[in-house]
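Before any comments, here is the structure.
The values are calculated or read from the model by the stated rules, or taken from the named source; none is laboratory data. On a predicted model such as this, the values are computed, not experimentally measured, just so you know. Positions of Cβ are generated from backbone atoms using ideal geometry, with glycine treated the same way; all protein chains shown enter the neighbour counts.
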Amino acid sequence: MEVFRLTKEKYATILSGKGAALTGARWNSPGVELIYTAGNRSLAMAEVAVHLTLATLPSDFMMMTISIPDSVKMKKITKAELPPKWSDFPPPASNRTIGDKFVAENKYCALQIPSAVTQGDFNFLINPNHPDFMQIKIASVEKFPFDNRIFR
């Protein structure tokens, strides 16, 4: 399976959950490492674009294609299993509990979870501390210029 991550150029050569651990995010508390990826390129772009304006749009974004072998253990969470208001912004603390528990239990390397940005699409959270993580590889990295029309 391929998943995608849109990131600044200086972070596009490694897979690390350290950035998410700095301040926490929708699915993890500060100090908990998770790598956020998307099931397709458009979702990866949308997940980043919701946090930007034309004035803050960096020109150095790269699209990472990440290969997750079928042998990597993955847990799937459906929308019905999520707490009320899980897609709100800012996200409820209950979201972080889900991601923190996923990492702490360390039963699975990846977590498929519905996107709060694009209904019907999925994000894939990767636990870099799981033994299966060594099987996950960056397949390619390409320059990704945003189309300015998105930010009108």
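Here is a yes/no grid of residues against (1) in contact with a strand residue (DSSP E or B) (Cβ under 8 Å, 6 or more places away or on another chain); (2) touching a residue at least 40 places away in the same chain (Cβ under 8 Å); (3) closer than 23 Å to Val141 by Cα:
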| site | (1), (2), (3) |
| --- | --- |
| Lys18 | no, no, yes |
| Thr37 | yes, yes, yes |
| Val50 | no, yes, yes |
| Pro69 | no, yes, yes |
| Thr78 | yes, no, no |
| Glu81 | no, no, no |
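So for the stretch 13-33 (the condition being among the aliphatic types (A, V, I, L, M), out of contact with any helix residue (DSSP H, G or I) (no Cβ under 9 Å at 6 or more places or on another chain), surrounded by fewer than 15 Cβ atoms within 10 Å (Cβ to Cβ) and assigned to a helix (DSSP H, G or I)), does at least one residue qualify? There is at least one residue in the stretch 13-33 that is among the aliphatic types (A, V, I, L, M), out of contact with any helix residue (DSSP H, G or I) (no Cβ under 9 Å at 6 or more places or on another chain), surrounded by fewer than 15 Cβ atoms within 10 Å (Cβ to Cβ) and assigned to a helix (DSSP H, G or I). For the stretch 123-142, the count of residues that are of a type in the set (Ser, Thr, Tyr), touching an Asp or Glu at 6+ places or on another chain (Cβ under 9 Å) and modelled with pLDDT of 95 or more is zero.
All conditions but one from (1) surrounded by fewer than 19 Cβ atoms within 10 Å (Cβ to Cβ); (2) within 19 Å of Pro131 (Cβ to Cβ) apply to Phe102; the one that does not is (1). When each of Pro91, Pro84 is tested for being part of a loop (DSSP other than H, G, I, E, B) and either within 24 Å of Arg41 (Cβ to Cβ) or of a type in the set (S, T, N, Q) (or both), the lone residue that passes is Pro91.
Report, by residue number, each residue of the stretch 37-81 that is modelled with pLDDT of 90 or more and either in a loop (DSSP other than H, G, I, E, B) or touching a Cys at 6+ places or on another chain (Cβ under 6 Å) (or both). Correct list: Gly39, Asn40, Ile68, Pro69, Asp70, Ser71, Val72, Lys73, Ile77, Thr78.
When we screen Ser59, Ser94, Ser115, Ser71 for residues that are under 23 Å from Tyr11 (Cβ atoms), more than 16 Å from the chain's Cα centre (by Cα) and of a type in the set (S, T, N, Q), the only hit is Ser59.
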